[in-house]
Amino acid sequence: MTLVDVLLQSDRREGWLIPCKVAGLDWSTVRAILSNRFIARPLSDQTLEAAREDYFSLSQAGAGRVLRFWQVRQSAAQEAVPNGLKPLGAANTPGAGSYLSVRHEPAAG
């Protein structure tokens, strides 16, 4: 899953505000994005006001640093999986965090 996929599926407003600030979007565009996300419940006026305050208090340079941090963290997490091993099951299933070898040995004979 790419960082963009993770952010687009996030229900936390920071996951949306940071990339919008990096892109230099104006508030009306950001508000439209936040208001039209595909999540179960719409954002309240209070939540949108808090998001507006967060957006205007965030510098574009600071947002860029956060986004780069997220990218490095995701890259490091992907590299931490041992080579040739795939995780068993999803995060909410028994066995999550276990690994199954997918290396193939040549057939004998």
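The values are calculated or read from the model by the stated rules, or taken from the named source; none is laboratory data. Here the structure is a predicted model, which is why all the values come from computation and not from measurement. Using ideal geometry, Cβ is built from the backbone for each residue, glycine included, and neighbour counts are taken over all protein chains shown.
I need the full set of residues from the stretch 39-57 which are surrounded by 14 or more Cβ atoms within 10 Å (Cβ to Cβ) and either in a helix (DSSP H, G or I) or at pLDDT 85 or above (or both), in order please. Can you show your working first?
Initially, the stretch 39-57 is screened for residues surrounded by 14 or more Cβ atoms within 10 Å (Cβ to Cβ), giving 43, 48, 51-52, 54-55.
If the condition is that a residue be surrounded by 14 or more Cβ atoms within 10 Å (Cβ to Cβ) and either in a helix (DSSP H, G or I) or at pLDDT 85 or above (or both), then Leu48, Ala51, Arg52, Asp54, Tyr55 are the ones that fit.
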- Residues satisfying the stated conditions in the stretch 1-36, i.e. hydroxyl-bearing (Ser, Thr, Tyr), surrounded by fewer than 12 Cβ atoms within 10 Å (Cβ to Cβ) and assigned to a helix (DSSP H, G or I): Ser28, Ser35
